[in-house]
Each structure stands twice: as C-alpha cells, then as structure tokens.
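First the structure, in the form of structure tokens, and then the observations on it.
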Amino acid sequence: MCYYTQQNASIEDLKRRFNAELDNEETYLQSDFINGFSHPNIPVILNSSPHLITTDYTWGLLPSWAKDIEFRKNTLNARIETIDEKASFKNITHNRCLIIASAYYEWHWNDEKGKSKDKYQINSQDDEIFTFAGLYSTWTDPVTDEIKNTYTMVTTKANKIMDYVHNHKHRMPIMLKKQDETAWLDQSVAITEFALPYEGNLIALPSN
C-alpha cells in the first residue's frame, strides 16, 4: 500500500502544470517526505472544481457515518478491486480527485518478516509532477459539528517494477498518466477502467 509521498513542486509549477488556481497559499504543503499517517493536506484537484487546486483536504478518508476521527487511519488507501463493496467507499465513487505528487516511497522486504528493508523512491520519467487517483468525502464530527474534508488514495495490483519493490503486498497506487487524468475525474467513466497495473515510464531508485 502507499502511505508516503513527496510533493516538492512550487505553487507556480502546479498552476502551470494543471492550468489551475490555488485556493490558499498559506496552507500549501511542499515536502520531500510526506507521512500519510500524519494526515497531511496534500494539494488535490476535485472533479467538482477541476480548475482549482485545493489544500483543504486531508489524507485519510472519513465516510459520513464514521463515529470519530480515528477512523481515518484505516482509509489512507482504497483497493480498486473491492471499492464498490466497501462501506467506506461504495457511495462516493463519483467523488473523484487527483492527488498531486512528485514521487512516492515504498520498501522492499529482504526477509519474510520485513526485519530488513530497503527504501525506494519511485518517480515518473515522463512527468516531474504527476497525480494519483483518489476519492474524497466530507465528514461532520458528531460531537463538535466540525466539518472535515478528506480523501483516500486508490491502489491496484503492482506492475513489474513495483512487484519487485513492494514484494510484501504487491500493490501500487494508481499513478495516472497525464492523458488519463481527465478520464479519472469524469464520473461517467467506470472505475473498473483503471483496475490494472500502471505501465507508465517509472523509475525506482534506492533512497536513504
């Protein structure tokens, strides 16, 4: 699964790449290493507003029925093969977003229990800035009435490169090709169209 990314592009680079405006420069996250379990607000683009890059959504999806905020640690990722079956996701498959990144990280296990691991950084050789397929939701805290906007990253079966790197789970995020971003945001396109290993021009390099 994918829990660690990089988003080191400047605001201006993102505006040019997506031909979009940014909603809030003060909350713009730019970092070489982003930990999903800290529930960061990585910039995303929603299908409801494709010409706006928003920083108001945090990683770890909270379905409308979640009892408390702790639920989000279970929904950093969503498996595309079962997305229509899982209660957390099945009612929001039309709420699609692009999660912006410049790289992500995964660990290769050197033994069966993962006591020895090697960290890899995965980049696109085609695009310095790319996107992951995501779903988003809005949740209201039942105790405080606070509203939280959240998202999850959709994963699929690993391709040949990621099958080696992620040799424990054999999974990878759906790292969209640039020409497929519009199709992902189009809710009329079936999600099953994206349920396949990404065969783009990836490179995985050992990282410290």
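The values are calculated or read from the model by the stated rules, or taken from the named source; none is laboratory data. This one's a predicted model, so the numbers in the text were calculated from it and none came from an experiment. Counting neighbours? That spans all protein chains shown, and the Cβs are built from the backbone with ideal geometry, glycine included. Side chains included, ligands, DNA and RNA excluded: accessible areas come from the protein's heavy atoms. Shrake-Rupley method; radii C 1.70, N 1.55, O 1.52, S 1.80 Å.
Within the stretch 51-79, the set of residues being of a type in the set (D, E, K, R), surrounded by fewer than 20 Cβ atoms within 10 Å (Cβ to Cβ) and assigned to a helix (DSSP H, G or I) comprises GLU70, LYS73. Within the stretch 178-205, which residues are under 17 Å from the mean Cα position of the chain (by Cα), open to solvent by 70 Å² or more (accessible area, probe 1.4 Å) and not hydroxyl-bearing (Ser, Thr, Tyr)? LYS178, LEU196, listed by residue number.
Residue-level check: of (1) assigned to a loop (DSSP other than H, G, I, E, B); (2) within 21 Å of PHE89 (Cβ to Cβ); (3) touching a residue at least 40 places away in the same chain (Cβ under 8 Å), VAL189 misses just (3).
Only one of MET162, MET175 is modelled with pLDDT under 95, open to solvent by less than 10 Å² (accessible area, probe 1.4 Å) and over 13 Å from the mean Cα position of the chain (by Cα). Can you tell me which?
Working: MET175 fails: over 13 Å from the mean Cα position of the chain (by Cα).
Sole residue among the options that is modelled with pLDDT under 95, open to solvent by less than 10 Å² (accessible area, probe 1.4 Å) and over 13 Å from the mean Cα position of the chain (by Cα): MET162.
Of all residues in the stretch 128-146, those being touching a helix residue (DSSP H, G or I) at 6+ places or on another chain (Cβ under 6 Å) and either surrounded by fewer than 13 Cβ atoms within 10 Å (Cβ to Cβ) or of a type in the set (Asp, Glu) (or both) number 0. Of the residues making up the stretch 11-50, not one is surrounded by 17 or more Cβ atoms within 10 Å (Cβ to Cβ) and of a type in the set (Asp, Glu). For the stretch 80-101, the candidate set comprises residues that are assigned to a loop (DSSP other than H, G, I, E, B) and either aromatic (Phe, Trp, Tyr) or open to solvent by less than 10 Å² (accessible area, probe 1.4 Å) (or both); within that set, the residue that is farthest from VAL189 (Cα to Cα) is PHE89.
Of ARG79, ARG96, ARG17, all but one fail to be of a type in the set (D, E, K, R), under 14 Å from the mean Cα position of the chain (by Cα) and more than 21 Å from HIS170 (Cα to Cα); the exception is ARG96.
Considering only residues that are more than 15 Å from ASP56 (Cα to Cα), touching a helix residue (DSSP H, G or I) at 6+ places or on another chain (Cβ under 9 Å) and not aliphatic (A, V, I, L, M), which ones fall in the stretch 18-29? Within the stretch 18-29, PHE18 is the sole residue that qualifies.
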